[in-house]
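Nothing in this text is a laboratory measurement; each read-out follows from the coordinates by a stated rule. Given the structure is predicted, the values throughout are model-derived calculations rather than measurements. Positions of Cβ are generated from backbone atoms using ideal geometry, with glycine treated the same way; all protein chains shown enter the neighbour counts.
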């Protein structure tokens, strides 16, 4: 493809992807399938790699992440992000409205909004393009998280319509409850501790140094405040509605996320509605926000030292109920982690009937000093699963027995072990403990692992109980006759299952590695290990130092990998999977050139035309080698923005050539 056609095609794909992204994530009316969208995105990525000079700074490919930010720059807010005064009673809201009426001798209109439990953000746009995204910080200055915010699909990279040339829009970045639950499911599956609540997790995710992590977690954003000089609006409500036409995801009035009213009765109606219905939302809120609508009236009311007089937040009380602890049961996970669960006398909480609550671990039971038949306080708050937050000891029965954490596995009776530095107890009988056996097989067949169609948890349970499979390698020995003899297994279902098992032999090595269920080896870590070692044999024989030299591999992961391969039963399972035809090595791609043959590179900083991963891939595709740290043997340091000063000093001291992204592009040819 020549330059002209490449430029035209990149422009076409960029516009199309921006359009379809808005239709899916903002307008909730997709026009194409996920498959077609991903296909277009991949096509654009390939063109941008081949013709980087035509790539847009705010290309849709930026949404997949990959850039690394070592330090978030502090930015002074152009317009201070003041906090709102909080109210916890309706009487205080009435007082606030009365104070405004005493100052303003005219009819007043108010805007009622939801108070999202997330992270406040200010995003500036110049000439319709996303320029900078800054956290609230202390209200005067915040941190530049632009690279991470670009990965949030509901935040437009380029605007449409009659937008102002230079303005800022503010809102809240939050974790949708479904995405938060999915993330915790994945962490639980690999033995990692679950995150406590969506709000803190959203904040931590937004400050992640790796934008690819942010992209993978599914954050969302509502934007609801337009700021700038000489904006052509008379009211807050008008500006927000107008912003929807520019491509922003706003709190839609038709969903009752925002409304206008001219009375205290209208304000109270909004508060009451969401106090009763907040449990139905797909995200967390902790109250509502009330604002005077007119900009002129806002200006007349002015500000106190800390907050505007024309706005106030009403905070809901944390949902809490009291009920009886009837018993404590224990669940065994795939990794052998044992989790206590409180079984409660059923009670209504947040629109649902709660019968169980999380107790997390033995320390939590001890901290609460729990006794059977205790009257306990249960909250949802920011949690997906209700939790016990306290005990009403005044109602404790005299003969109530303290809850003692079990010493043996509830499934196989093996002695439980609590490793030093860990909060949870573990059953180490991983080869025979039924939940662990089934859990590892269910993980292996899951969609992000081997994705074996026709095989669900019920079928796995049946196959294990019948003694047909004992571990994942047994899957490849299952016969048609064995399947059709099972309950509710018709011939068509049996054939579909066998075909799904056969198809899994084509799954790439990185997903196979994830499917093995090595503790602490999630999707991202599996990709890094597969890329670094290329095959299961090289990974199995890797030294501790070789493992920790890989990006994102710490001591805990390295030790877990080594322990996995020291187990001879695990080795036998891998041998059987290899014999069955499962992929255990990376399919090598043909090199683009040998221009960098024999040269080693350290890549550091943030780049404009490529992500760090893309640069490292280009180095390898052109015969070069990526190394993790600078030494006398390093040939080049490829430096982007915000390169660490320590690396710069070391490279200078050793006399190593430091090159820029442009220098690198020239090294491998103008089409890189």
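For the peptides 393-399, 284-290, the ranking by packing is 284-290, 393-399, with the highest mean count of neighbouring Cβ atoms within 10 Å listed first.
Measuring max minus min along each principal axis, the C-alpha atoms of segment 167-259 give extents of 54, 30, 19 Å (largest first).
For segment 600-668, the share of alpha carbon pairs falling in successive 10 Å distance bins from zero is 21, 60, 19 percent. Rg over Rh for segment 334-486 works out to 1.07, using Cα positions for both radii and the Kirkwood form for Rh.
By its C-alpha gyration tensor, with a ≥ b ≥ c as the square roots of the eigenvalues, how is segment 320-417 shaped: rounded for a/c under 1.5, else prolate for a/b larger than b/c, else oblate? Oblate. The simple spin-label model puts a point 7 Å past each Cα toward its Cβ; for residue 92 and residue 488 those points are separated by 5.3 nm.
In terms of the Cα gyration tensor, with a ≥ b ≥ c the square roots of its eigenvalues, is segment 132-185 rounded because a/c is under 1.5, prolate because a/b exceeds b/c, or oblate? Cα axes put segment 132-185 in the oblate bin.
The distance between label points at residue 304 and residue 373 comes to 5.0 nm (points 7 Å beyond Cα on the Cα→Cβ vector). Take the Cα radius of gyration of segment 492-633 and divide it by 2.2 N^0.38 Å, N being the number of residues; the result is 1.20.
Across all Cα atoms of segment 509-580, the radius of gyration (one decimal) and Dmax (whole number) stand at 11.1, 32 Å. Kirkwood radius, segment 540-622, all distinct C-alpha pairs, inverse of mean reciprocal distance: 15.9 Å. Per the Cα gyration tensor, segment 74-315 maps to an equivalent ellipsoid with semi-axes of 30, 22, 16 Å, ordered largest to smallest. Between residue 317 and residue 523, the contour length at 0.36 nm per residue exceeds the alpha carbon distance by 70.3 nm. Here the extension length gained between residue 343 and residue 657 equals 106.6 nm, from 0.36 nm per residue of separation less the Cα-Cα distance. For the chain, adding -39500 (n - 2.57) for each run of n ≥ 4 DSSP H residues and dividing by the number of residues yields -11000 deg cm²/dmol at 222 nm. Quick one, what does Rg over Rh come out to for segment 3-64 if you take C-alpha atoms and the Kirkwood Rh? Result for segment 3-64 is an Rg/Rh of 0.98.
Counting 0.36 nm for each residue step from residue 356 to residue 575 and taking away their Cα separation leaves a gain of 74.6 nm. Fraction of C-alpha pairs exceeding 20 angstrom in segment 210-343: 65 percent, rounded to a whole number. Between residue 505 and residue 46, the modelled label-to-label distance comes to 2.8 nm, taking each label 7 Å out from Cα in the direction of the beta carbon.
Estimate the FRET efficiency between residue 597 and residue 544 by the formula 1/(1 + (r/R0)^6), using the beta-carbon distance for r and 25 Å for R0, to the nearest 0.05. Could the numbers behind the result be given before it?
Numbers: r = 29 Å, r/R0 = 1.18.
Between residue 597 and residue 544 the formula returns 0.25.
Over every Cα atom in the chain, the radius of gyration and the widest Cα-Cα span, Dmax, amount to 28.5, 86 Å. Convex hull volume of the C-alpha atoms in segment 593-640, normalised per residue: 63 Å³. Among rounded, prolate and oblate, which fits segment 43-148 when a ≥ b ≥ c are the square roots of the eigenvalues of its C-alpha gyration tensor, a/c under 1.5 means rounded, and a/b larger than b/c means prolate? Prolate, since a/c reaches 1.5 and a/b exceeds b/c. Taking 37 °C and 0.692 mPa s as conditions, segment 439-515 diffuses translationally at an estimated 264 µm²/s according to Stokes-Einstein applied to its Kirkwood radius (Cα pairs).
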